[in-house]
Amino acid sequence: MNGYQGKILIVDLTTGTLHDEPLNEKYAHDFLGGTGLAARYLYDMVDEKTDPLGPDNPLILMTGLLNGTSGPSVSRWGGATKSPYTGHYGDANAGSWFGAELKNAGYDGIILKGISAKPVYIDIKDGKADIKDAGHLWGKDTAKTQEEIKNEHGDKRVQVACIGVASENLVPYGNIMSEYGHCLGRAGLGCVMGSKKVKAIAVRGKMKLPMADPEKFREASRKAMTEVKESFMTILWHQSGTAGWVDGAISFGDSPANYYTAPSFPGQAKISGAEQLEKYQTDSTACYGCPIRCRKVLQIKEGKHLYDRVEGPEYETLIAWGALMGLDVDMSSAVYFNELCNGYGFDTISSGASSAYAFYLYSLGIISEKDTGGLKLTWGNIDAAVELVHLIAKNQGFGAVLAGGTKRMAQKYGRPPGEAVQCKGLEFPMHDPRAYHSMGLVYATAPRGADHNKNDAYQVDLGTGHPDVDIEITDRWDDNKAPGVVKGQDFRNMTDSMGICHFAGIPFAILIDMINASTGWNTTMDELLKAGERTFQMQRALSCKLGITAKDDVLPELAMRPIPEGGQEGHVPNMEKMLPEYYALRDWNKTTGKPSKKRLEGLGIPEIAASIGAE
C-alpha cells in the first residue's frame, strides 16, 4: 500500500504475545488514518456491554495518513477506545514526533488487547516489536519515564508515549503523554492504558515509506511548506503560541471564570502570550516537520516556582487552572500547575473543570471542609488548588471525587441537572459558547462529548477559517450556524485523519497533490471531504451504538445563563433553533439521534447502518 506501511501491531497483553496484521485497505481508504481509522477499527470491537477497564476494551493508536512524510505540519496521530470517563466513544489526538516515528518504525497503528499481569512497555524498532518489563518504571512521572527509556536505549531520538501515576491509579481522565508536553489528553485513553498495565510504548525506525510518486510528493511538499511558512496565522502562532489567545479571550468573553458565572477577568493578562513573549520566552519548539513552532520555551526567574527551561502552558490549561477557579495566577504558578498535571499525566481540561466545580459548590455551601479533607475552596485559593492536583493523581478521598468528573460530582451531591458544565460526560473546553454561538452547536453534537477539536468554529467566527472551505462567516452571536458547523466538522475530521495540524492552512490543490502522490489514489477534494463526513457519521453511529441518543445533545443550564457584562454582553446560543436545523442537515433521527440508513449507505458504510438499526 503506497502511503501506508500496510500493517498493524496487535499486542495481546493477557497472553504476552504480539503479531502483525495487514492493514484493512478498505478501512484505510475510507477513513484515511488517525482518529478516523482508529474509530473504525474500534467500532467492530466494542458494544454497550464492554467494560472500559476490562480486557475486551482495546486501546487503538493510529498514525495520520501523512505522518512520517516530508509534508509540513503533518505530525498529528490519534487514538480511540471506549472511554472509562464517559462510558461511550472516546478519542484524542496529539502532535509531537511519536506518530511519524511509529510510521517510520514500520507500523500504521497499534492495537492493545487484554490485560498484562505486571507492568510492561512495548518496544518497537524497524518493524520488530517486543514486550519488556516496566516494573522499574511503574510509579514514575511521565518525564522521568521517557528519560529512563531513552537512556536504556542509548538513543535520545527514541520516541515514547507513556502514562503517569494518575493512569496507574486509574484516574478516569488520565492521558497519554509524549515528548513531555504533548498528550492524547481527553476521554481517558491513558486510564485504559493503565488498566492494561502498559507503562509506555517506545518507537524508533528508519524504514522507508512506500510512495506512488516520491518526486511529485516532494514537489508538492515544498509548495505546502512555503504556503505554511508565509501564512499570517503561522506568524501569529509562532510568536506566542496558543497562550497568545488569552488577551483576545478576555475581550470576547471567551474564557470562563468562577465556573461559568463571571466574565473573564483582566488579571489573566499577566499570563498571556504577549506577557510571556515580553518577559519569559526564550525559545520555541516544533512538532515533527512543522515550521510554525508554536510551543514556547520559558525561563521563570521570579515567583514561587523557578525554572531555567520549561515548556509554557497551552491556552486551555492556563484558563482551566486559572480563571475557571477564580485563580489570579502569575506565570510561575501557571507553569507549576502545567508541570504537575503533565507529570502526573491527566487531562488539564476535565481536571481543572472538576476542581472549579468543587470551588463553585463550596461557594454555595453545598460542600465544606468536611468533604474536602480540610481544604478551604474559596475563589482564588491557589494553595488549595495545588493540593487538589496531588489528590486527583492519588485517586483517593476527595481526589477520587474530583477524578470522577463533574457529572458524577453533581450526582453525588444531589445537584440539579444542567449545573455541571459538560456534554455527554465530557467537560467544556475553555471556549464559552456564549461568546461564540457556533461552539454551542459544536459541543452538543461532537461524538465524544464537548470537543473544540472536532470544529474550531470560534476561529471561523473571527474570520480565520480555511480559505478553501466555503463556510459563511457571520456575526459570532448569529444563530444561523448549522451549515457552517456541519462543514467545519467534516473538514476537521478529514484533516485529523490525515495528521494535519489545525494551524496549517495548506491549499486544497496542493493537499490533493500530496495525497495522490503518496497513495496513488487519484482522489479529489470532494472525495476527501466525503471521507471527513463518513468519519464523523461513523463516530456518531458508534456513540449511538454505545448508548448515546438525541436527549444527550444538550447544553447545561449553568452555561446558558446570560452574563450581561464582559465580552458576552448577555448573549446565549439559541439551541432550540440551531439543533433541529443541524439534525436536518445531518439526517439524524430526532429521537434516537442515529444517522439515517440512506445517509450511511450513501457514504458507503451500509454495515454501520445495519449494526445500529438505522432507519
Just to verify a result, which residue in the range 387-421, among those that are touching a Leu at 6+ places or on another chain (Cβ under 7 Å), of a type in the set (Gly, Ala, Ser) and without any contact (Cβ under 8 Å) to a residue 40 or more places away in the chain, is farthest from Asn175 (Cα to Cα)?
Gly397
Within the range 271-302, restricting attention to residues that are in contact (Cβ under 8 Å) with a residue 24 or more places away in the chain and small (Gly, Ala, Ser), which residue is farthest from Glu314 (Cα to Cα)?
Gly289
Does Glu565 satisfy the condition of being touching a residue at least 12 places away in the same chain (Cβ under 8 Å), of a type outside the set (Lys, Arg) and farther than 15 Å from Gly449 by Cα?
yes
Of all residues in the range 469-521 being assigned to a loop (DSSP other than H, G, I, E, B) and among the polar types (S, T, N, Q), the one that is farthest from Arg448 (Cα to Cα)
Thr474
Filter the range 444-476 down to the residues that are within 20 Å of the chain's Cα centre (by Cα) and among the hydroxyl-bearing types (Ser, Thr, Tyr), then identify the one that is surrounded by the fewest Cβ atoms within 10 Å (Cβ to Cβ).
Tyr458
Out of all the residues in the range 56-79, is one or more more than 29 Å from Gly16 (Cβ to Cβ) and under 13 Å from the mean Cα position of the chain (by Cα)?
yes
Flagged pairs (Cβ under 9 angstrom, 6 or more apart or on separate chains; first in the range 212-228, within 22 Å of Gly6 (Cβ to Cβ) and modelled with pLDDT of 95 or more; second part of a loop (DSSP other than H, G, I, E, B) and polar (S, T, N, Q)) are Ala212/Asn2; Asp213/Asn2; Phe217/Thr69; Phe217/Ser70; Arg218/Ser70; Ser221/Thr69; Ser221/Ser70
Considering every residue within the range 415-427, establish whether at least one is basic (Lys, Arg), farther than 27 Å from Trp588 by Cβ and assigned by TED's automatic domain parsing to the domain that holds Ala323.
no
Tell me, which residue of the range 8-24 that is in contact (Cβ under 8 Å) with a residue 40 or more places away in the chain and assigned to a loop (DSSP other than H, G, I, E, B) is surrounded by the fewest Cβ atoms within 10 Å (Cβ to Cβ)?
Thr15
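In this structure, is Ile250 over 30 Å from Glu148 (Cβ atoms) and without any contact (Cβ under 8 Å) to a residue 40 or more places away in the chain? Walk me through how you get there before you give the answer.
Values: over 30 Å from Glu148 (Cβ atoms): yes; without any contact (Cβ under 8 Å) to a residue 40 or more places away in the chain: no.
It is false that Ile250 is over 30 Å from Glu148 (Cβ atoms) and without any contact (Cβ under 8 Å) to a residue 40 or more places away in the chain.
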Could you please find all residues in the range 580-594 being closer than 20 Å to Lys481 by Cα and either of a type in the set (Ser, Thr, Tyr) or out of contact with any Ser or Thr (no Cβ under 9 Å at 6 or more places or on another chain) (or both)?
Pro580, Glu581, Tyr582, Tyr583, Ala584, Leu585, Lys590
Could you identify the single residue in Gly194, Gly190, Gly267 that is buried (at least 19 other Cβ atoms within 10 Å of the Cβ), in contact with an Asp or Glu (Cβ under 6 Å, 6 or more places away or on another chain) and assigned to a helix (DSSP H, G or I)?
Gly194
Which condition does Val120 not pass, out of (1) within 18 Å of Gly54 (Cα to Cα); (2) within 20 Å of the chain's Cα centre (by Cα), if it passes all the others?
(2)
If we ask which residues in the range 568-590 are under 25 Å from Met538 (Cα atoms) and either of a type in the set (S, T, N, Q) or not assigned by TED's automatic domain parsing to the domain that holds Asn480 (or both), their number turns out to be 1
Candidates Gly174, Gly164, filtered to the one that is crowded, with 24+ Cβ neighbours inside 10 Å and under 15 Å from the mean Cα position of the chain (by Cα)
Gly174
Which members of the range 541-562 meet the condition of being within 18 Å of Gly36 (Cβ to Cβ) and polar (S, T, N, Q)?
Ser543
What number of residues within the range 230-255 are out of contact with any strand residue (DSSP E or B) (no Cβ under 8 Å at 6 or more places or on another chain) and part of a loop (DSSP other than H, G, I, E, B)?
4
If you check Gly547, Gly532, which single one turns out to be at pLDDT 95 or above and outside any helix (DSSP H, G or I)?
Gly547
In this structure, does Thr14 turn out to be assigned by TED's automatic domain parsing to the domain that holds Asp130, under 28 Å from Glu179 (Cβ atoms), modelled with pLDDT of 95 or more and among the polar types (S, T, N, Q)?
no
Just to be sure before I move on: is Tyr344 more than 17 Å from Ala166 (Cα to Cα), under 26 Å from the mean Cα position of the chain (by Cα) and modelled with pLDDT of 95 or more in the structure I sent?
no
Being outside any helix (DSSP H, G or I), surrounded by fewer than 20 Cβ atoms within 10 Å (Cβ to Cβ) and touching a residue at least 24 places away in the same chain (Cβ under 8 Å) is the filter here, so list the residues in the range 346-380 that pass it.
Ile366, Gly373, Trp379, Gly380
Filtering the range 480-503 down to residues that are surrounded by 20 or more Cβ atoms within 10 Å (Cβ to Cβ) and more than 17 Å from the chain's Cα centre (by Cα), which residue is farthest from Met233 (Cα to Cα)?
Ala482
Every listed condition ((1) touching an Asp or Glu at 6+ places or on another chain (Cβ under 8 Å); (2) surrounded by 24 or more Cβ atoms within 10 Å (Cβ to Cβ)) holds for Ser83 save (1)
Please enumerate the residues belonging to the range 138-159 that are under 26 Å from Gly54 (Cβ atoms) and crowded, with 22+ Cβ neighbours inside 10 Å.
Thr142, Thr145
Go through the range 206-221 and count every residue that is of a type in the set (D, E, K, R) and either assigned to a loop (DSSP other than H, G, I, E, B) or closer than 29 Å to Val158 by Cβ (or both).
4
Those strands (runs of 3 or more DSSP E) completely within the range 60-135 that have 1 or more residues that are farther than 18 Å from Thr35 by Cβ and in contact (Cβ under 8 Å) with a residue 40 or more places away in the chain are 109-113, 120-125, 128-133
Condition set in a loop (DSSP other than H, G, I, E, B) and in contact with a Lys or Arg (Cβ under 9 Å, 6 or more places away or on another chain), scope the range 570-590, selection farthest from Asp490 (Cα to Cα): answer is Gly570
For the structure I just gave you, tell me whether Ala212 is among the small types (Gly, Ala, Ser) and surrounded by fewer than 22 Cβ atoms within 10 Å (Cβ to Cβ).
yes
Scanning the range 535-565 for residues that are in contact with a helix residue (DSSP H, G or I) (Cβ under 6 Å, 6 or more places away or on another chain) and of a type outside the set (S, T, N, Q), the one farthest from Asp496 (Cα to Cα) turns out to be Leu555
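The values are calculated or read from the model by the stated rules, or taken from the named source; none is laboratory data. Bear in mind the structure is a predicted one, so any value in this text is a computation, not a measurement. Glycine also receives a Cβ, built like all others from the backbone with ideal geometry; neighbour counts cover every protein chain displayed.
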